[in-house]
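The values are calculated or read from the model by the stated rules, or taken from the named source; none is laboratory data. The structure displayed is predicted, hence computed values, not measured ones. Glycine also receives a Cβ, built like all others from the backbone with ideal geometry; neighbour counts cover every protein chain displayed. Ligands, DNA and RNA are stripped out before the accessible areas are found, and what is left, the full protein with its side chains, is counted by its heavy atoms. Shrake-Rupley method; radii C 1.70, N 1.55, O 1.52, S 1.80 Å.
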Amino acid sequence: MASGETPLSGAEPERFESDVLGRLYPELPLSRLPPGRHNLPRAFIVRNQRFRIIAAMLQILPRHGYPATTIGHVTQEAGVSRAAFYQQFEGKEECFLATYDLAGQWLCERVEGAVSSDDEWPVRVRTGVSEALRLLAANPAIAHLIAVEALQAGPAARERQQARLAGFAEALRAGRSARPGLPAELEELLLGGVLSLIARYVDSGRAKQLADATSELVQYLLIPYLGLEETRQLADPAA
């Protein structure tokens with residue numbers, strides 16, 4: 001976080017809102033603007049409203065699901081008018097996509113930052129899985145967004161999801177040198193299984209326990225490349 005930026009009050013460092021949505025003036029982070037004439041710069045007002053709308057969409061989705069979520073739900077949660085909403089977004093879908101893009105970018109950047117290029121490939125995969133699940137457990141609304149709602153929000157949202165998964169698939173393909181001849185679509189199939197597991201945790205109210213699935217997911221992703229015994233040792237060195 002850059003100098004002068006203040007996280008939301010009481011938020012943990014790994015919270016999405018702290019690193020992304022809290023980048024407003026310290027005295028007004030994601031808060032409703034004061035009533036009356038406040039002489040705040042127009043650019044600040046617009047930026048404040050946009051991030052509050054995105055934060056509201058993120059929080060509303062687990063309550064209603066994308067199909068049942070309305071612009072009224074979002075504006076009420078954000079504390080903005082419908083006119084302010086339409087100054088930022090053409091409609092619900094565009095708002096959802098902006099929320100997905102911002103959250104997805106944040107998650108990818110944090111995972112990439114945790115992975116050391118000096119480590120061997122299997123260790124990088126283990127570190128990336130561990131960091132991703134830790135962050136999703138700390139941000140259940142994002143786990144819900146990427147694993148559940150992106151599948152219900154239409155073709156554009158699914159395209160966004162596939163684009164994000166493509167980067168992770170490329171990271172997995174680096175392991176093919178050890179096992180030539182693997183199926184061409186293996187990485188996409190593996191990542192589809194990862195999303196399915198995350199969705200099961202979310203749907204059963206266990207999103208905050210996602211980090212507990214780290215060893216299971218590491219084995220699931222690496223066994224096709226390394227075999228059972230080597231993967232087990234890597235996934236759980238204490239075993």
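Convex hull volume of the Cα atoms of region 111-180, normalised per residue: 98 Å³.
Contact order, relative form, for region 140-214: 41 percent (alpha carbon pairs under 8 Å, 6 or more residues apart, mean separation divided by residue count). One decimal place: the segment Arg179-His64 gains 37.0 nm when fully extended, by the rule 0.36 nm per residue minus the C-alpha distance.
Averaged over its residues, region 103-239 has an accessible area of 49 Å² per residue, based on protein heavy atoms and a 1.4 Å probe. Protein heavy-atom surface of region 93-154, 1.4 angstrom probe: 48% of the accessible area is carbon and sulfur, with nucleic acids and ligands not counted. Using the Cβ of Gly193 as centre and a radius below 15 Å, the other residues enclosed give a net charge of -3, where K and R count +1 and D and E count -1.
Take the convex hull of the alpha carbons in region 43-132; its mean projected area over all directions comes to 7.4 nm².
For region 119-239, the C-alpha radius of gyration sits at 1.06 times the compact-globule guess of 2.2 N^0.38 Å, with N the residue count.
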